[in-house]
Amino acid sequence: MSGNKGSALSKIFGGTGKSGTKLRDAEDVLNKKVEHYLEAKINEETAIARRNARTNKHNALNALKRKKRLEKTLQQVEQHELSNEMAHIDLPTVSAQIRTYAQPVAPSAELAEWVS
């Protein structure tokens, strides 16, 4: 039964299975597509603002506002990606700490059983 627990814990805390790798790969591809799309839209809004700077200031200002909003969204996506990456890094660390603290508990349980 303890073999099952170890297996379940390794799956939860940093087990490197194929599904975890596939999920990270899919997440990376999605993030790259979103970033590429947002960067393209930012460039498009910049071009609109430059094109309208002299002739239609209202449209130019609106384009700059949209550009600013897109830049903020891109920054949020990058922060989300960074926090996800940090979570992937922290899981093996937490798993190792759990294993480290769980090892002294096992002999104590055996000692308690022997004493009683």
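The values are calculated or read from the model by the stated rules, or taken from the named source; none is laboratory data. Computed from a predicted structure; not experimentally measured. Just so you know, the surface numbers come from the protein's heavy atoms only, side chains and all, with ligands and any DNA or RNA stripped out. Shrake-Rupley method; radii C 1.70, N 1.55, O 1.52, S 1.80 Å.
See the values below:
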quantity	calculated
Nearest-10 value in Å² for the accessible area of Lys33, using the 1.4 Å probe	140 Å²
Nearest-10 value in Å² for the accessible area of Leu30, using the 1.4 Å probe	100 Å²
Val29, Val77, Val34, reordered so the largest accessible area comes first (probe 1.4 Å)	Val29, Val34, Val77
